[in-house]
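A short write-up of the structure that comes next.
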Amino acid sequence: MRGEHAGYACGAALGFLGDLIAADPRRGHPVAAFGRAAAAVERRLWRDHRGRGAAHAVLCAGGAAAGAALLERAVRHRRGARVALTAATVWAVLGGTSLGREARAVGGALEAGDLDVARERLPHLCGRDPEALDGPQMARAVVESVAENTSDAVVGALVWGAFGGVPGLVAFRAVNTLDAMVGHKSARYRRFGWAAARLDDVAGWPGSRLTAALTVLAGPDRRGALAAWQADGGAHPSPNAGPVEASFAGALGVRLGGTLAYGGRVEHRPVLNGAARPPVVADIERAVRLSRRVSALALLATVAGRLTAGAVRHRIAGGRGTSGRKRR
């Protein structure tokens, strides 16, 4: 059992390093393959009904997790293969390096004054309607997306990997992907995507709180991050994006939230850290660097947590074994 936890720690570190070096491939990514499979299942199951949407979420996410569990079971007695499987899965589910790459691409276009290129690249990062956004509004959208996706694309996956190993990693990424695909409030998905959206809220809860806490620890303004999280984290319509975006806003000393256009709708979201200034282009790089620090700390925290839990269970099991022996 102790070897299993050590193997996970080694695999997680290697997978994290792999994401830093290789990032996501342009083609052939496993998450994209899952998305195509989920879309095919959706075409078969879709009805404007919550029950059909719940069946879609359970079938897709549950199937992915079950497949991962079978793979993990198949290599459980081979340490090298177990480490390699964990490393490959961590690499596949993490998206921190791609997140930073896309954010910097938009930031570079904004810095050069090329709003057309910035609008062209923004949909790679978030679902905002870019045509209605000017430079400062796009800078705000990028900072908010970096904050939210630090939790969704990195920290949340590491948390569930620490809890559930390879199946936990895969299940979290599957749920998060389904939410991105069908968890919208559009006419097509308001009912069908309800289960995926609620499941993502539950799965994202621990990662978002850890992200906010690590942002307080790693941010340039710790007091500001904590104050904004406490004051504004609960005001956001998303129970998980709120704490993360508020803590990033406080840490960076900027104001986030407000009016946005998303999926053809205009939303008026609460302002986070309202007394601060609006974001500028330079804040994109600051947000990316903060995201990378938070991600590295999340790797250390989740690996340490798994190793500690494994050591405690081993000690408890050893104590029970000793107490059960007859004294001579």
Rounded to a whole number, what % of the accessible area of the chain do carbon and sulfur atoms account for, probe 1.4 Å? 59
Options (i) 55, 51, 42; (ii) 79, 50, 34; (iii) 55, 47, 40 - which one matches Cα extents along the principal axes in Å as calculated here: (ii)
For q = 0.11, 0.17, 0.18 Å⁻¹, Debye-computed log10 I/I(0) when each Cα of the stretch 1-127 counts as one equal scatterer: -0.58, -1.01, -1.04
Computed E for L14/A39 - FRET, C-beta separation, R0 22 angstrom, nearest 0.05: 0.10
Taking the Cα centroid of the stretch 96-167 and of the stretch 273-295, what is the distance between the two, rounded to the nearest whole Å? 12
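Send over a whole-number figure in Å² for the accessible area per residue of the chain, probe 1.4 Å. Don't jump to the answer; show the numbers that get you there.
Values: 16050 Å² over 328 residues.
Heavy-atom SASA per residue in the chain reads 49 Å².
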What's the center-to-center distance, using Cα atoms, between the stretch 64-91 and the stretch 226-244 in Å? 35
Can you give me the relative contact order of the stretch 26-177 as a percent, contacts being Cα pairs under 8 Å and 6 or more apart? 30
Over the stretch 169-328, what is the relative contact order in whole percent, taking alpha-carbon pairs under 8 Å and six or more residues apart? 16
How large is the dipole of the stretch 96-160 about the Cα centre if only Lys and Arg carry +1 and Asp and Glu carry -1, each at its Cβ, rounded to the nearest 20 debye? 220
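The values are calculated or read from the model by the stated rules, or taken from the named source; none is laboratory data. Please read all numbers here as calculations on a predicted model, not as lab measurements. Please note: Cβ atoms are built from the backbone with ideal geometry, for glycine as well, and neighbour counts cover all protein chains shown. We work out accessible area using only protein heavy atoms, side chains counted, and drop any ligands, DNA or RNA first. Shrake-Rupley method; radii C 1.70, N 1.55, O 1.52, S 1.80 Å.
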